[in-house]
Amino acid sequence: MDSIGKTWWVLTGLSVAFLGLCGAFVATSGVAVAHGPAIPLVDTNFISTATARMSAADLIRTGGDISGMECYACHDKKNPPKLKLNAEGDVIVPKEHEDIVMGHGRHHRNNNCFNCHDESNLEALQTRDGRHLKISESPALCGSCHGPTYRDWEAGVHGRTSGYWKRDAGPIDRKVCTSCHNPHSPPFPPRAPAPGPHLLHPNLAKNHTPANPEHH
Ligand code: HEC
Ligand code: HEC
Ligand code: HEC
Ligand code: HEC
């Protein structure tokens, strides 16, 4: 056999061998996936990008239900509600407002409704320095007592800013304080941590316990 003939036989042999390997790969690849452990889907609560609550400003902007903010559907403008206080001087929240749980400050220091709501116009807010604000302008109210946090918020350090980074391309969206904090009870309740990542080798990890750290 001359050298060209030898080369032909070697190349043909290699091609057939590779085709055989390809066939074996295609035939077995589906099998491995089908037998892999089922990966449960992530609870969508953990990947939601929505803020903790809908603020009055969000509700007004999106045309949501604002009936709870129409104070004069129940109250009489000429006869503002009188605060009822218990023996410790804490506000007694009437049953019509039982969805409101007051807890602003560790010593109930800011539970007086009229620290924030305007008694002469319930549908408006008032600051301690005498400014009158629309209910959608609550950040200025919060800022009248929480100056440092308000300045952080204005600078984009506290809270959440999204929208356009390049201002001439479009507007920014800065979430107001009450998109996250409930004004009546602003600290966040504790929340459960999200589950850990899915492991590549769950069976190995199961054996790798603190009682058996050397097991691989
Ligand atoms: C569904 C009816 C209803 C709506 C809407 C409503 N209120 Fe009231 N509110 C009541 C009733 C009833 C009372 C108890 C009687 C009273 O004090 O007039 C009350 C009491 C109050 C009190 C006195 C609380 C206390 O501890 O004594 C305040 C302050 C108040 N409301 C503010 C508001 C504000 C501000 C709004 C709108 C943002 C509003 N309410 C909307 C029904 C309502
Ligand atoms: C009239 C003054 C006043 C206004 C207005 C006010 N706060 Fe407060 N806030 C306080 C005081 C006082 C405390 C209690 C601080 C403490 O207990 O050490 C407090 C506590 C808090 C806390 C808890 C801080 C902590 O470390 O636990 C948060 C969060 C908060 N306020 C957010 C807000 C938001 C959001 C607004 C606007 C909707 C607002 N506050 C409006 C006076 C105010
Ligand atoms: C620290 C300031 C603050 C205090 C104190 C406060 N509120 Fe409010 N309240 C607000 C703000 C700000 C909003 C608008 C909320 C938003 O943007 O979602 C509001 C909203 C409301 C609403 C409209 C709907 C709802 O339930 O959120 C009612 C009703 C109300 N407050 C009643 C009261 C009553 C009654 C008290 C006293 C027991 C009280 N508030 C004390 C700041 C305050
Ligand atoms: C995007 C959500 C978001 C917005 C918007 C937001 N906050 Fe907060 N704020 C938080 C979180 C989260 C914490 C940490 C809470 C905790 O550890 O319990 C916090 C903490 C705070 C505290 C406690 C002290 C501190 O600085 O850690 C205050 C006071 C406060 N915020 C006020 C405000 C005010 C006033 C505004 C509006 C000018 C605002 N927040 C806007 C999410 C927000």
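Once phi is turned into θ = phi - 60°, what whole-Hz ³J(HN,Hα) does the Karplus curve with 6.51, -1.76 and 1.60 give for every residue of the stretch 77-91, x standing for Gly and Pro?
With the stated coefficients, the stretch 77-91 comes to 4, 7, 10, x, x, 8, 6, 9, 10, 8, 4, 7, x, 8, 5 Hz.
What does DSSP give for the chain in terms of the percent of beta bridges that are antiparallel, rounded to the nearest 5?
Once the DSSP bridges in the chain are tallied, antiparallel ones form about 100 percent.
Computed on alpha carbon atoms, what radius of gyration and Dmax characterise the chain, expressed in Å?
32.1, 115
In whole Å, what are the extents of the stretch 65-184 along the principal axes defined by its C-alpha atoms, from largest to smallest?
53, 32, 27 Å, listed from the longest principal axis down.
In percent, how large is the relative contact order of the chain, given Cα pairs closer than 8 Å and 6 or more residues apart?
Once normalised by length, the contact order is 18 percent.
For labels at Lys6 and Met54 in the simple 7 Å Cα→Cβ model, what's the distance in nm?
Rounded to a tenth, the inter-label distance reads 8.3 nm.
In whole Hz, with x marking every Gly and Pro, tabulate ³J(HN,Hα) for the stretch 164-181 from phi via Karplus 6.51 cos²θ - 1.76 cosθ + 1.60, θ = phi - 60°.
Coupling constants for the stretch 164-181: 8, 6, 8, 4, 6, 8, x, x, 9, 10, 9, 5, 6, 3, 7, 6, 10, 8 Hz.
Would you kindly state how much longer the chain becomes between Phe25 and Ile66 on full extension, computed as 0.36 nm times their sequence separation minus their alpha carbon distance, in nm to one decimal?
8.6 nm
Go ahead and estimate [θ] at 222 nm for the chain from helices alone: -39,500 (n - 2.57) per DSSP H run with n ≥ 4, summed, over the residue count, rounded to 500.
Dividing the helical sum by the residues of the chain leaves -9000 deg cm²/dmol.
Under a plain spin-label model, where a point goes 7 Å from the Cα along Cα-to-Cβ, how far apart in nm are Leu41 and Cys180?
In this crude label model, Leu41 to Cys180 measures out at 2.9 nm.
With a cap of 16 neighbouring Cβ atoms within 10 Å, and only residues DSSP puts in a loop, list the trypsin sites (Lys or Arg not before Pro) found in the stretch 55-84.
Lys77, Lys78, Lys82, Lys84
Compute the acute angle (0 to 90°) between the alpha-carbon long axis of helix 3-34 and the principal axis of greatest extent of the alpha-carbon atoms of the chain; round to the nearest 10°.
40
Go through the stretch 55-64 residue by residue and turn each phi into a ³J(HN,Hα) via Karplus (6.51, -1.76, 1.60, θ = phi - 60°); whole Hz please, and just put x for glycine and proline.
Ordered by residue, 3J(HN,Hα) equals 7, 4, 4, 4, 5, 5, 5, 9, x, x Hz.
Place a point 7 Å from Cα of Asn86 in the direction of its Cβ. Which residues in the stretch 115-141 have their backbone N less than 20 Å from it?
Counting only backbone N, you get 115.
With each pseudo-label sitting 7 Å past Cα toward Cβ, what's the Glu137-Ser120 distance in nm, one decimal?
Distance between the two pseudo-spin positions: 1.6 nm.
Report the extension gain between Val157 and Val93 in nm, rounded to one decimal, defined as 0.36 nm multiplied by the number of residues separating them, less their alpha carbon distance.
On the way: separation 64, 0.36 × 64 = 23.04 nm, distance 3.46 nm.
Once the chain is fully extended between Val157 and Val93, it gains 19.6 nm.
Any read-out appearing in this document is the output of simple, stated calculations on the displayed coordinates, not a laboratory observation. These numbers were taken from a predicted model, which means no experiment stands behind them. All Cβ positions, even for glycine, are placed from backbone atoms using ideal geometry, and neighbour counts span all protein chains on display.
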